Amino acid sequence: MSTPSQNSQDRSANLPPAPDVIRAASAELIVSDLAASRAFYVDVLRLVVTEETDDAIYLRSFEEYLHHSLVLRKGPVPACAALSYRVRSAAELDVAQTYYQALGVPVRRLSAGTKRGIGEIVAIEDPLGFPVEFFYDAEHVERFTQRYDVHGAGAIARLDHFNVVTPDIAAARSYYEGLDFKVSEDIQDSDHTVYAAWMYRKATVHDVALTGGDGPRLHHIAFSTNERHQILHICDQLGALRQSDKIERGPGRHGVSNAFYLYLRDPDGHRIEIYTQDYYTGDPDNPVITWDVHDNQRRDWWGTPVVPSWYAEASPVLNLDGEVADIVERVESSEAALTIGADGFSYTRRDDGSKEGVKLGEQV
Ligand code: XXG
Ligand code: FE2
């Protein structure tokens, strides 16, 4: 019997060329109360407002010069309405349209300006069930890199990545490999069940992380700061504002990616990661790191346990008609069940004390 990943490899053999994706570029979240969201994203996180309408706020962070990297749109059900990737040129939109039509998923071409500040868009429902958009042209706005007068101590620099929950990581990895994303790191067990994978186009650890679980659901979007102290300031600020309950996990240092991190929940429960200082992956022979799912340091390098909500909760996603997408259950074992319930197998050191216990198998 062929596996899902074999099936999609066979499919990709007959596909037209895939679009040249540069990076994860923006996300659109449906929120229930724009004023409450504004208080969180603008007053606390200090994202810059590019434009505001009756039903939406368009935001960017300090180093970004495209119109927005986050859209908050008022709607009935808090959900993710789009994950957007920028492609290398406007011509790549034709490539994307042809590619996804051949894949047989829903595809729509949106004319320039359908989404404020953005040129033409190819909107698709990807094979994992996520609403994904590709664009190249976008309005340029002021880049606030040196506007230290407005940064505050918790300055957020760029959108870094998306993290999506999907049941079959092997199939999802194979789909993204079809778009020429490479794996930087993954989490497996000794039976080669894959629990999560991190994949990139830009030369960092990831543009998208695949988290094994019932999906499609959005786990989080992540913005980066340039320094660790900016993340610590966000924590201090939330404490001072008596909003410490917005902190879900961290601050800490990830095992996977080595980045410093903090996870927040916005007023609708959407999860936002603030992330900094992962590593360069741009060489063609960048080594893949595989972590053992039983390694206590894989998700937090200091061994701090992951809170159960981080594994269990995620935002619904909308299909291209704006309806909440159906959820498919994960069949393979779940990381939360393995590591939150005491399975008796998790370790900080191998019995023999060897540091090699940290990584599973050979680096590829
Ligand atoms: O960006 C990330 C994450 O996907 O949010 C989670 C990098 C690493 C991790 S993990 O919790 O696996 O360390
Ligand atoms: Fe992340």
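Here, each number is a calculation from the coordinates, and none is a lab measurement. No experiment lies behind these values; they were computed from the predicted model shown. All Cβ positions, glycine included, derive from the backbone under ideal geometry; neighbour counts span all protein chains shown.
Couplings 3J(HN,Hα) for the stretch 145-152, derived from phi with the Karplus relation 6.51 cos²θ - 1.76 cosθ + 1.60 (θ = phi - 60°), are 3, 9, 7, 4, 5, 10, 4, x Hz, where x marks Gly and Pro.
Simple rule: put +1 on each Lys or Arg Cβ and -1 on each Asp or Glu Cβ in the chain, find the dipole, and look at Tyr100, Tyr275, Ala155; the Cα lying farthest toward the positive end is Ala155. Note: relative contact order over the stretch 154-350, using C-alpha pairs below 8 Å and six or more positions apart, is 25 percent.
Antiparallel beta bridges, as assigned by DSSP with both residues in the chain, represent about 70 percent of the total such bridges. Helices in the chain, meaning DSSP H runs of at least 4 residues, each add -39500 (n - 2.57). Divided by all residues, the mean residue ellipticity at 222 nm is -4500 deg cm²/dmol. Short-range pairs are left out: with C-alpha atoms under 8 Å and at least six residues apart, the relative contact order of the chain is 17 percent. What the Kirkwood sum gives for the stretch 10-54 is a hydrodynamic radius of 14.3 Å, with every pair of different alpha carbons counted. Panel values: the stretch 154-350, Kirkwood radius from alpha carbon pairs, Stokes-Einstein at 4 °C and 1.567 mPa s, translational diffusion coefficient 75 µm²/s.
The Cα trace of the stretch 4-140 gives Rg and Dmax of 16.3, 50 Å, the first to one decimal, the second as a whole number. Mean separation of Cα pairs under 8 Å and 6 or more residues apart, divided by the residue count, gives the stretch 4-140 a relative contact order of 25 percent. Taking amide hydrogens as placed 1.01 Å from N in the peptide plane, the amide H of Ser257 sits under 5 Å from that of no residue at least 5 positions away in sequence or on another chain. A cut-off of 5 Å between modelled amide H atoms, ignoring neighbours fewer than 5 places along the same chain, links Glu185 with Trp198, Ile289. Our coupling estimate for the stretch 234-246, obtained by passing each phi through the Karplus curve with A = 6.51, B = -1.76, C = 1.60 and θ = phi - 60°, is 4, 4, 4, 5, 5, x, 4, 8, 6, 10, 4, 5, 7 Hz, Gly and Pro reported as x.
Remark on the chain: ratio of C-alpha radius of gyration to 2.2 N^0.38 Å is 0.96. Candidate cross-link partners of Lys182 among the aspartates and glutamates, defined by an alpha-carbon separation under 14 Å and a same-chain spacing of 8 or more, comprise Asp20, Asp207, Asp283, Asp285. In the stretch 65-131, the ratio of gyration radius to Kirkwood radius, Rg to Rh, stands at 0.96 when only Cα atoms are counted. Annotation: amide H of Glu139 within the under-5 Å range of His67, Ile118, Gly119, sequence separation 5 or more or interchain, hydrogens built in the peptide plane.
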